[in-house]
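This report concerns only the one structure given below.
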Amino acid sequence: MKPVRLVRLATAPLLAAALSVPLAAQAAAAAPPQQHSAAPATHAHHGKPGTLRAAAPEGFVIGSAVAGGGHHLEQPYPDPFTSDRPYRKQLAREFSSVSPENQMKWEYIHPERDRYDFAMADRIVAFAERNRQAVRGHTLLWHSQNPAWLEEGGFSPAELREILREHITTVVGRYAGRVQQWDVANEVFDDTGALRTRDNIWLRELGPGIIADAFRWAHEADPSAELFLNDYNVEDIGAKSDAYYALVQDLLAQGVPVHGFSAQAHLSTEYPFPSGLEDNLRRFAELGLATAITELDVRMNLPESGVPTRAQLAEQARYYRQALTACLNVTGCDSFTIWGFTDKYSWVPVFFSGQGAATVMWDDFTRKPAYHALRSALAEAARDDRCHRRHG
Ligand code: G3I
C-alpha cells in the first residue's frame, strides 16, 4: 500500500512556499528523494460533504480543466467560464484544482509580440484563490496553438530564444506563488518516441537543449512551482514514455529543475485500459519526481441515439476509477485532473466524429456513474490514509 501522503499546508492562498509536513515518520522514510524542496502552497479540501474535493484524501488535489478558448470559440454558446454561473458553481464546489483549458496557451495569452492578454488567466487564478483551489499552468513550450506572429515571424534562433525566455519569465513570473504546477514542456515527443523536431518551432530552430532552458527560466521566475513534462499516450510503459524516462534522467543529471512527469490520459473505451499506468508513474516517482494525471477523459463510440448504454457508462466508470486508483497508489501522485467535468463543453465530439459522453457529468450537471466511481475511490483512499495514520 502507498505510504501516507505528504500534506502541504497553506496559511494563505498567496503564500509562495508552504510547509511540507510529513504525517508519519515512516512515510517520510518511504517517500522517494524529493529533489524539489520548496513545496508550493496547496489547498485544503474545503469541500461540502458529498463532493469530490471533500472526499479526497488530505494533500491530494482533484482538478478540472476550465472551459474556454480553443474549440469553444467556434461553438454556438458564449465563453463557458465567464457566462455560465451554474458551471462555475460546480467547478468551485467539486474541485480543489483548476487548469485553464486554453486561456494560458500562447495564442491566447500572447496574441501579439509586444502584447499579452492576461484577462482570462487572471480571472481564473483569482477564482481559484477565492475557492481555495490549486492552479495547474498549461503550457509554456508546445508545438500547437502558437500565434501566427510567432510561427510565421521568420525569427532568427537568437530572437526565438529571447522570445521564449521573455514569455516564460513574464507569464510564470506574473503568477509566481499562485500556480502549483506548470506544464513547462508539452508533447515534445511523437508517438514513436522521437522528439518533435519538425512541428515544434522551439525544437526545430533551437535544438533539444531548449527544453532544459525552459525549465531553468520557469524555475527562476517561480522557484515554488513544480515544473512538469506533460504528454498524451504516455500512460503505459512504451516507446514514448521510455523517451520521457530517458529525458528526465538526462535533465536530472544536468541539474535541471524538472520536478514532475504527467500523463494526460485521454482514454477511449475502444482501447483497453492502459494497465501499465501505475507501474509507469511509479518508475518516474522512483527517479524523485512528482507525477500527475492532468487531462483524463474517457470517450466512447455513441450509438445512433447519441445516448450511451448502461454498459458503456459502467465501462467508462471503470476506466475513471482505474486511472484514479493508479495515481492514488503511487507516492507523489497527488494531483489528478479531468479535462472538463461536463459533456456540455467537452472537446471530444468536436475532434472525434461519432464519439463523446467523455466526462463525468451530463450537460445539465447531473452525475454519471463515472462521477460516483471517482468519489468512492477518493473516499476509500481517504479512509485508508486515516487508518494508516492512526495505526501506522
Ligand atoms: O487554428 C484556429 C484559429 O486559426 C482560429 O482563430 C480559432 C478560432 O476559431 O480556431 C483555431 O483552432 C482551434 C484551436 O483550439 C485554437 O484556438 C481549434 O479549432 C480548436 O478545436 C482547438 O481546441 C483545443 C485543442 O486543445 C487544440 O489543441 C481544445 O479546446 C482543448 O481542449 C485542447 O486541449 C488539449 C491540451 O491543451 C493538450 N492535450 C490535448 C488536449 C485535447 O486536444
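The values are calculated or read from the model by the stated rules, or taken from the named source; none is laboratory data. Fair warning: this is a prediction, and the values are worked out from it, not measured in the lab. In this analysis, Cβ positions are derived from the backbone assuming ideal geometry, glycine residues included, and neighbour counts consider all displayed protein chains. For the accessible areas, the whole protein counts, side chains as well, though only heavy atoms, and no ligand, DNA or RNA atoms are used. Shrake-Rupley method; radii C 1.70, N 1.55, O 1.52, S 1.80 Å.
Data for the structure
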quantity: Qualifying residue in the stretch 304-317 (condition: open to solvent by 10 Å² or more (accessible area, probe 1.4 Å), assigned to a strand (DSSP E or B) and touching a residue at least 12 places away in the same chain (Cβ under 8 Å)); calculated: no
quantity: Residue identified as farther than 30 Å from G153 by Cβ and modelled with pLDDT under 55 among P57, P22; calculated: P22
quantity: Filter result for R161 (in contact with a Phe, Trp or Tyr (Cβ under 6 Å, 6 or more places away or on another chain) and in a helix (DSSP H, G or I)); calculated: no
quantity: Count of residues meeting criterion [under 29 Å from L287 (Cα atoms) and open to solvent by 10 Å² or more (accessible area, probe 1.4 Å)] in the stretch 331-342; calculated: 4
quantity: Filter result for E94 (open to solvent by less than 40 Å² (accessible area, probe 1.4 Å) and either at positive phi or away from the ligand (no atom under 15 Å from the Cβ) (or both)); calculated: yes
quantity: Complete set of residues in the stretch 85-124 that are touching a residue at least 24 places away in the same chain (Cβ under 8 Å) and assigned to a loop (DSSP other than H, G, I, E, B); calculated: F95, S96, E101, N102, Q103, M104, K105, H110, P111, R113, Y116, F118
quantity: Yes/no for S83 being modelled with pLDDT of 55 or more, of a type outside the set (A, V, I, L, M) and open to solvent by less than 10 Å² (accessible area, probe 1.4 Å); calculated: no
quantity: Output for the stretch 165-194, where each listed residue is under 24 Å from A246 (Cα atoms) and crowded, with 18+ Cβ neighbours inside 10 Å; calculated: Q181, W182, D183, V184, A185, N186, E187, V188, F189, D190
quantity: The stretch 237-281, residues that are aliphatic (A, V, I, L, M) and closer than 20 Å to D297 by Cα; calculated: I237, A263, A265, L267, L277, L281
quantity: The stretch 343-363, residues that are closer than 15 Å to I62 by Cβ and either polar (S, T, N, Q) or open to solvent by 10 Å² or more (accessible area, probe 1.4 Å) (or both); calculated: T359
quantity: Strands (runs of 3 or more DSSP E) contained in the stretch 206-294 and holding at least 1 residues surrounded by fewer than 19 Cβ atoms within 10 Å (Cβ to Cβ) and in contact with a strand residue (DSSP E or B) (Cβ under 8 Å, 6 or more places away or on another chain); calculated: 266-268
quantity: Any chance G153 is out of contact with any Ser or Thr (no Cβ under 8 Å at 6 or more places or on another chain) and open to solvent by less than 40 Å² (accessible area, probe 1.4 Å); calculated: yes
quantity: Members of the stretch 364-381 that are open to solvent by 40 Å² or more (accessible area, probe 1.4 Å), under 12 Å from L52 (Cβ atoms) and of a type outside the set (S, T, Y); calculated: R367, H372, R375
quantity: Of all residues making up the stretch 82-123, the number that are more than 15 Å from the chain's Cα centre (by Cα) and under 18 Å from F341 (Cβ atoms); calculated: 13
quantity: Which listed residue is in a loop (DSSP other than H, G, I, E, B) and either closer than 24 Å to A263 by Cβ or at pLDDT 95 or above (or both), from V172, V184, V179; calculated: V179
quantity: Test result for L328, open to solvent by less than 10 Å² (accessible area, probe 1.4 Å), within 20 Å of the chain's Cα centre (by Cα) and of a type outside the set (K, R); calculated: no
quantity: Flag if V125 is crowded, with 21+ Cβ neighbours inside 10 Å and away from the ligand (no atom under 16 Å from the Cβ); calculated: yes
quantity: Residue tally, condition closer than 20 Å to T294 by Cα and among the β-branched types (V, I, T), over the stretch 142-170; calculated: 0
quantity: Residue pairs meeting the criteria (Cβ under 9 Å; at least 6 apart or on separate chains; first more than 24 Å from H138 (Cβ to Cβ), in the stretch 249-274; second within 15 Å of the ligand (Cβ to nearest atom) and outside any strand (DSSP E or B)); calculated: F273/E235
quantity: Residue ID - nearest to the ligand (Cβ to nearest atom), chosen from residues in the stretch 50-80 that are open to solvent by 10 Å² or more (accessible area, probe 1.4 Å) and assigned to a loop (DSSP other than H, G, I, E, B); calculated: Q75
